[in-house]
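Colleague: Okay, here's the structure, questions in a sec.
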Amino acid sequence: MTTVLIVDDQPLQRLGFKMLLDGTPGMIVVGEASAGAEAVRMADQTRPDVVLMDVRMPGMDGIEATRRITAAGPRTHVLILTTFDLDEYVYDGLRAGASGFLLKDARPEELIAGIRAVASGDSVVAPSLTRKLMDAYLHDSPPVAPVDPRLATLSDREREVLEAIGQGATNTEIAQRFTLTESTVKKHVGRVLAKIGARDRIQAVIFAYDNGLVQPRP
C-alpha cells in the first residue's frame, strides 16, 4: 500500500484529492494538512510514502515544508502540485528535495501514476521539461566550477552519464549516445545516484548544473 499525506490550504482541493485516492486500490490517505508547519508535523507522525505538497500557503510555504520533510530522512518523498506549468517556485521546490511536480489540473490517472512513481523513487518530471526548468531558472546564475568531492568518486563513464542526465537525456538516448544497452545504462544511473547522494534523477540534474557539468542555454 502507498500512504499519502495531502497538503493544501484549500479544503475543496484536499477533498478532491482524498476522494480520488480513497477510490484507488493500493492508496491510503493517512492525513491532511492546510499549512506547511502542520505538514511537517504530520509527516513526522505518519511517515507517509508520498506528500502531495501545495506551494503557496500561509505561514510556512510548501518549499520550506518540503526542505524539512526531506531532510528528516529518505522514507518520505514529496510531489509538488502547482497551478502553472513553470511556476516560479518549482525549481526551488525541486532543489529543496522534492521528487518532481505535477499540475493541479492533471488527469486523475496522471496523478495516480505520479504518486506511484515518486513512491518507488522515480521522478515525475519529464526530461524535456527538466531541461526547460533548468534553463529557465539557472541562466541568470552560472554554475560555479566543479568542487564537490563526490565528483571524484565517479568513473569516466559515470561522469558522462551524469552529464547526459543533466542535459535531460532519457536512458534510451543515453544508451544510443554511448552504444550501451539500456540495462547497462540503468546500472550506471543507479551507481551515479548512489555516489552523489541523489534521491532521484531530478536531484542528479541539479547536482550536474551546480557543479558546472551542464550549462544553461543562452
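Colleague: Using a Förster distance of 35 Å, how high is the FRET efficiency between residue 194 and residue 12, based on the Cβ-Cβ distance and rounded to 0.05?
Modeller: Step by step, r from the Cβ atoms, then E = 0.25.
Colleague: For region 184-192, what does the Karplus curve 6.51 cos²θ - 1.76 cosθ + 1.60, with θ = phi - 60°, yield as ³J(HN,Hα) per residue in whole Hz, taken in order and with x for Gly and Pro?
Modeller: In residue order, the calculated couplings are 5, 4, 4, 5, 4, 4, x, 5, 4 Hz.
Colleague: Next question, about the same structure. In degrees from 0 to 90, rounded to the nearest 10, what is the angle of the helix 11-22 Cα long axis to the longest principal axis of the chain?
Modeller: 70
Colleague: Quick one: 3J(HN,Hα) in Hz for region 64-72, Karplus 6.51/-1.76/1.60 with θ = phi - 60°, rounded, Gly and Pro as x.
Modeller: Whole-Hz 3J(HN,Hα) from phi for region 64-72: 5, 4, 4, 4, 6, 5, 6, 5, 6.
Colleague: Okay, next question. Enumerate by residue number the chymotrypsin sites (Phe, Trp or Tyr not before Pro) in region 1-109 meeting two conditions: DSSP loop (anything except H, G, I, E, B), and at most 14 other Cβ atoms within 10 Å of the site's Cβ.
Modeller: Loop-located and lightly packed - 84.
Colleague: Moving to a separate point now. What percent does the relative contact order of the chain come to when contacts are Cα pairs within less than 8 Å and at least six residues apart?
Modeller: Computed value for the chain: 16 percent relative contact order.
Colleague: Rounded to whole Å and sorted largest first, list the principal axis extents of the Cα atoms in the chain.
Modeller: 49, 36, 29
Colleague: Next question. Sorted from largest down, give the three principal axis spans of the alpha carbons of region 143-210, whole angstrom values.
Modeller: 31, 21, 19
Colleague: Any idea what Rg and Dmax come out to for region 1-74 if you just take the C-alpha atoms, in Å?
Modeller: 11.5, 34
Colleague: Pulled fully out, how much extra length does the chain show between residue 107 and residue 47, if you take 0.36 nm times their separation in residues and subtract their Cα-Cα distance?
Modeller: That pair, residue 107 and residue 47, stretches by 19.0 nm at full extension.
Colleague: Something else about it: Tell me what the chain gives for mean residue ellipticity at 222 nm when only DSSP H runs of n ≥ 4 count, each as -39,500 (n - 2.57), the sum divided by the residue total, rounded to 500 deg cm²/dmol.
Modeller: Result for the chain: -14500 deg cm²/dmol, rounded to the nearest 500.
Since every read-out is calculated from the coordinates, none of them should be taken as a lab result. Here the structure is a predicted model, which means the values were calculated and not measured. Neighbour counts run over all protein chains shown; Cβ positions are idealised from the backbone, glycine included.
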